[in-house]
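Q: I have a structure I would like to understand better, so I am pasting it below and will then ask my questions one at a time.
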Amino acid sequence: MNDTELLVFVPGLVCDARVWRHQIEGLSRQRPVQVASHGTLDSLGRMAERILDTAPPRFALAGHSMGGRVALEVLARAPERVTRLALLDTGFEALAGGEAGERERAGRYQLRDLGRREGMLALGRNWAEGMVHPSRLADAELMEEIHAMIARAPLAQFEAQTEALLNRPDRTGLLGQIRVPTLVLCGRDDAWSPLARHEQMA
């Protein structure tokens with residue numbers, strides 16, 4: 001990556017630039033960086049198209065969680081524009097069929113309904129319990145930062161992005177077509193985006 005090439009950070013569900021703050025601090029000294037904003041777009045494809053509309057002709061991508069899926073959608077549309085790729089704590093398959101898919105759908109709608117009843121802060125507190133490693137749940141500063149980030153997002157954003165995830169395409173076939181240097185990375189104990197999935201991606 002040369003020092004003039006833009007690096008686009010693609011955040012996950014209702015995440016914002018704050019989640020990338022350490023990477024921005026370190027990497028912006030070497031090259032321009034930009035954080036994608038999905039707003040209330042309700043399709044991963046439309047999120048990808050927004051990135052393509054605002055990025056230069058050639059750029060690098062780093063996507064976290066839902067953002068990794070968006071990065072794959074960018075590649076599916078314009079592989080010649082992406083120079084490097086990082087897929088972090090993410091996935092590539094469509095919503096599972098049968099009982100597994102219904103469990104995921106029900107769990108996501110349960111969070112949505114909590115947000116409708118009690119607001120985004122309550123949603124964030126409930127959601128973060130399952131997203132953060134048990135050893136870090138007692139870190140009050142970390143948890144408050146996560147809760148505050150989620151609470152900054154409007155409920156409409158969570159609802160739209162949830163629909164985008166539930167209607168995500170299967171990109172299994174795309175993985176073998178990636179021809180740019182790619183980092184696939186996750187936490188060993190990540191329960192939402194497990195290590196085995198990332199080993200399959202790699």
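Q: State whether one or more residues within the stretch 110-122 are at positive phi, surrounded by fewer than 16 Cβ atoms within 10 Å (Cβ to Cβ) and either at pLDDT below 95 or not in a helix (DSSP H, G or I) (or both). Steps first, answer last, please.
A: Pass one, the stretch 110-122, residues at positive phi: 119.
Those still in the list that are surrounded by fewer than 16 Cβ atoms within 10 Å (Cβ to Cβ) too: 119.
Imposing the further condition that a residue be either at pLDDT below 95 or not in a helix (DSSP H, G or I) (or both) reduces the set to 119.
The answer is yes; a qualifying residue exists.
Q: Which of the residues belonging to the stretch 172-190 are in a loop (DSSP other than H, G, I, E, B) and over 15 Å from the mean Cα position of the chain (by Cα)? Outline the logic, then answer.
A: Taking the stretch 172-190 and keeping what is in a loop (DSSP other than H, G, I, E, B), we get 176-181, 186-190.
Scanning the stretch 172-190 gives Gly176, Gln177, Ile178, Arg179, Val180, Pro181, Arg188, Asp189.
Q: Being in contact with a Gly (Cβ under 8 Å, 6 or more places away or on another chain) and in contact (Cβ under 8 Å) with a residue 60 or more places away in the chain narrows it down to one of Gly45, Gly91, so name that one.
A: Details: Gly45 fails: in contact with a Gly (Cβ under 8 Å, 6 or more places away or on another chain).
Result of the check over Gly45, Gly91: Gly91.
Q: Restricting to the stretch 184-201, what's the tally of residues that are in contact with a Leu (Cβ under 7 Å, 6 or more places away or on another chain) and of a type in the set (A, V, I, L, M, F, W, C)?
A: Total meeting the criteria: 4.
Q: Kindly check whether there is at least one residue in the stretch 116-137 that is under 19 Å from the mean Cα position of the chain (by Cα) and among the acidic types (Asp, Glu).
A: Yes: one or more hits.
Q: Okay, next question. For Arg105, only one of the following conditions fails: (1) farther than 20 Å from Leu44 by Cβ; (2) among the basic types (Lys, Arg); (3) not assigned by TED's automatic domain parsing to the domain that holds Leu195. What is its number?
A: (1)
Q: Something else: Taking the options Arg50, Arg69, Arg125, Arg77, name whichever one is modelled with pLDDT of 95 or more and in contact with a Gly (Cβ under 7 Å, 6 or more places away or on another chain). Steps first, please.
A: Working: Arg50 fails: in contact with a Gly (Cβ under 7 Å, 6 or more places away or on another chain); Arg125 fails: in contact with a Gly (Cβ under 7 Å, 6 or more places away or on another chain); Arg77 fails: in contact with a Gly (Cβ under 7 Å, 6 or more places away or on another chain).
Being modelled with pLDDT of 95 or more and in contact with a Gly (Cβ under 7 Å, 6 or more places away or on another chain) holds for just one of Arg50, Arg69, Arg125, Arg77, which is Arg69.
Q: Only residues in the stretch 170-196 that are closer than 15 Å to Ser65 by Cα count as the first member; pair them with residues that are of a type in the set (Lys, Arg), Cβ under 6 angstrom, at least 6 apart or cross-chain, and list the lot.
A: Listed pairs, sorted by first residue: Leu195/Arg188.
The values are calculated or read from the model by the stated rules, or taken from the named source; none is laboratory data. Remember, it's a predicted structure, so these values are computed and weren't measured experimentally. Note: ideal-geometry Cβ built from the backbone for every residue, glycine included; neighbour counts use all protein chains shown.
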